[in-house]
Amino acid sequence: MNETWTYPAMSHPSADPAVNAVAARLVGLATADPSRARVLELGCGSGHHLLPLAARWPEAEFEGVDRDGAAVELARGLAAEGGLANARFHEGGFEDGGPAEGGEFDFIIAHGVFSWVPDEAKLALLRRIAERLGPRGVAVVSFNVAAGWRRRLPLVEKARAIQAAGGDGVELMRALEILRDVCESDDERLIVDDMRAKGAAVLAHDDFAPVNDPFSLKDFVALAAHHGLRWLGEGVPADNRAEGGAVVDGAAFAGDPVGMHEALDEAGDRTFRSALLCRADAEVAGRVPASAVADCFLSAGPAADGRDAALAGELAAAAPGDAHAGELIQRHGPAMATRIVKALYDGTAAARTHAADVRRAVPEAPRMDGLRLACARRGLPVVDARHRPCEFPRAHLELLAMMDGSRRLDGLSAIARERCPELAFGAWMRHLAQRGFFL
Ligand SMILES: C[S@@+](CC[C@H](N)C(=O)[O-])C[C@H]1O[C@@H](n2cnc3c(N)ncnc32)[C@H](O)[C@@H]1O
């Protein structure tokens, strides 16, 4: 059975320049202000990552490159419908030299590309980044990590064998169901459950992609260094934490952060990284004062419990908006700056250069921006103010597509009652407002 899947339109919060700029600044690279930056995405697909950034920052410039002509056409169509003249898309391979427009970029994004393309394309990708990154520029490159894939790849092979065993082929999700039943351990079952949760469309471009080359951090960092690029850590500060509570003897890795992170990857079976790179000749300050975080905006981070409970409480009180780090430092004194830095790395807090544009109240005549309307009309995920892609059932998307400011809440509510009676309309609208859907 020949299953073909178009890569699903997605945005990736871990590759949002508002987030990556803070991660880079924390290790001493004075990045450009992303709201006025030049941003390049290599392997941009249908532009679902780049376009919401272009809508958020009209003074910044965005270029996307992809060799898939249909995806580039869709990206151009969405840009035109969304009224985004600051986003341009180019059809072409990294091997061919990248975007026609010359010049250097402040941010370069390559998400979901490196591990999933042949070796020549991997090298061309790093060459393009090294050529096009400005002196204070930062790139974010995601890849699959060898440590976690060592146990995963044999299961991919078993699922492929199950698929091939049925004369006419077995559909992938069915093959995973069968594989789960014959797993030899709970660990294997957990991996298969994780695969099933990804869904067929993502699996086709990740676990079951024609190319899936997991890399160890050491090999990735060495290859990047060979191209004149320096590894700065993860694109999100909290993602530098070990997975699964893994610990290693830090003293054994004095002066070898890559070795330490690699040992943690092995101990925690890590499967994925989203690495920050800068030019090897970039000026990276040796020691960064904690007060460097004073400019950023904070929200609750990925560690649900929050190690710094008092700070977690302040961030919860500011939700759905962000708390300004400088104001917290002023209120609590300079020691708060150190607490914030710790909180960013332990996952209590997440930081961005600009506050997420969310609302507390639902507008009387709800209006989404042109890009969100274009996505809703085409049945694509709609991206929220924190760059998370949100998928909706068809009928809900049709309702969203009506939110162009021409209808009042009571009218929309009547349509919702008729067309999607299961929807708790008032609560849904409050949720959308808090996620920044409305102008
Ligand atoms: C898995 S998709 C990722 C899309 C998007 N960056 C994301 O993360 O949602 C990989 C993209 O890279 C593009 N691609 C693969 N090899 C390429 C090459 N050599 N040159 C340009 N684009 C390439 C594919 O066409 C595809 O759109």
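The values are calculated or read from the model by the stated rules, or taken from the named source; none is laboratory data. Predicted model, so just to flag it, every value in this text is computed and none were measured. Using ideal geometry, Cβ is built from the backbone for each residue, glycine included, and neighbour counts are taken over all protein chains shown.
Checking Arg196, Arg241 one by one, the residue that is assigned by TED's automatic domain parsing to the domain that holds Ala159 and surrounded by 15 or more Cβ atoms within 10 Å (Cβ to Cβ) is Arg196 and no other.
Here's the yes/no breakdown for (1) modelled with pLDDT of 95 or more; (2) closer than 14 Å to Ala349 by Cα:
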site	(1), (2)
Ala292	no, no
Pro302	no, yes
Asp308	no, yes
His324	yes, yes
Glu327	yes, no
Gln330	yes, no
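Reported count of residues in the stretch 387-439, each being outside any loop (DSSP other than H, G, I, E, B), within 14 Å of Ala361 (Cα to Cα) and of a type in the set (Lys, Arg), is 1. Any residue in the stretch 95-109 that is modelled with pLDDT of 95 or more and within 11 Å of the ligand (Cβ to nearest atom)? Yes: the stretch 95-109 contains one or more residues that are modelled with pLDDT of 95 or more and within 11 Å of the ligand (Cβ to nearest atom).
For every residue, the table says whether it meets (1) polar (S, T, N, Q); (2) assigned to a helix (DSSP H, G or I); (3) modelled with pLDDT of 90 or more.
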residue	(1), (2), (3)
Cys183	no, no, yes
Asp187	no, yes, yes
Leu190	no, yes, yes
Asp194	no, yes, yes
Ala197	no, yes, yes
Ala201	no, yes, no
Val221	no, yes, yes
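On inspection, Gly148 does not qualify as within 12 Å of the ligand (Cβ to nearest atom), under 17 Å from Phe215 (Cα atoms) and either small (Gly, Ala, Ser) or part of a helix (DSSP H, G or I) (or both). Among all positions in the stretch 377-385, there is at least one residue which is part of a loop (DSSP other than H, G, I, E, B), among the charged types (D, E, K, R), surrounded by 17 or more Cβ atoms within 10 Å (Cβ to Cβ) and outside the structural domain of Pro17 (by TED's automatic domain parsing). Please list, ordered by first then second residue, the pairs with beta carbon atoms under 9 Å, 6 or more apart or interchain, first in the stretch 425-436 and of a type outside the set (Gly, Ala, Ser) and at pLDDT below 95, second in a helix (DSSP H, G or I) and surrounded by 16 or more Cβ atoms within 10 Å (Cβ to Cβ). Close Cβ pairs satisfying both conditions: none exist.
Filtering the stretch 64-94 to residues that are near the ligand (Cβ under 7 Å from one of its atoms) and either outside any helix (DSSP H, G or I) or among the hydroxyl-bearing types (Ser, Thr, Tyr) (or both) leaves Val65, Asp66, Arg67, Asp68, Gly92, Gly93.
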